[in-house]
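What follows draws every value from the coordinates through simple rules; no lab data is involved. What you are looking at is a predicted structure, and each value in this text was computed from that prediction instead of being measured. No Cβ is skipped: glycine too gets one built from the backbone with ideal geometry, and neighbour counts run over all protein chains shown.
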Amino acid sequence: LRNTQVADPLPQPFGRILNNKVEFISTQFIQNYVGYFSTTFLISPHRPNSSLFNLPGEWLLTYWEVVLVLVGVFLLITRKDRVNNLLILWLIFAPIPAALTREYMHTQRVLILLYAFPIVGALGLAR
């Protein structure tokens with residue numbers, strides 16, 4: 001975070017409460033976290049970085065994989081057992097380290113999440 005000062009249009013106590021580092025960092029974290037589940041990241045050939053697994057013009061998931069993953073996530077939520085709970089936790093916690101960094105939508109930082117998608121898709125296909 002830079003130490004540049006910007007004129008705040010709000011009155012002083014409200015400006016410090018609403019525009020602070022905690023609010024900025026939490027907003028950036030939430031945007032980054034949700035972005036790793038977005039269609040721009042998963043099924044768009046135009047991601048902003050040039051990492052090892054970011055092949056130009058290629059998607060991370062194909063359309064049929066997206067359908068299987070959605071069916072698998074639905075089955076994970078509706079059927080409760082230990083394995084399903086572990087897979088749900090895997091999907092929830094996997095993008096957290098990548099969302100804490102500055103570079104957004106970096107493919108190598110969410111490899112552990114990309115390994116979960118075929119497992120959840122296979123679950124959707126099998127059941």
Query raised in the report: Zone of L75 (label point 7 Å along Cα→Cβ, backbone N under 12 Å): which residues in the stretch 105-122?
Result: 119-122
Report summary line: Here the Cα Rg-to-2.2 N^0.38 Å ratio for the stretch 68-127 is 1.19
Requested in this report: With label points built 7 Å along Cα→Cβ from the Cα atoms of I43 and W59, find their separation and express it in nm.
Outcome: 0.5
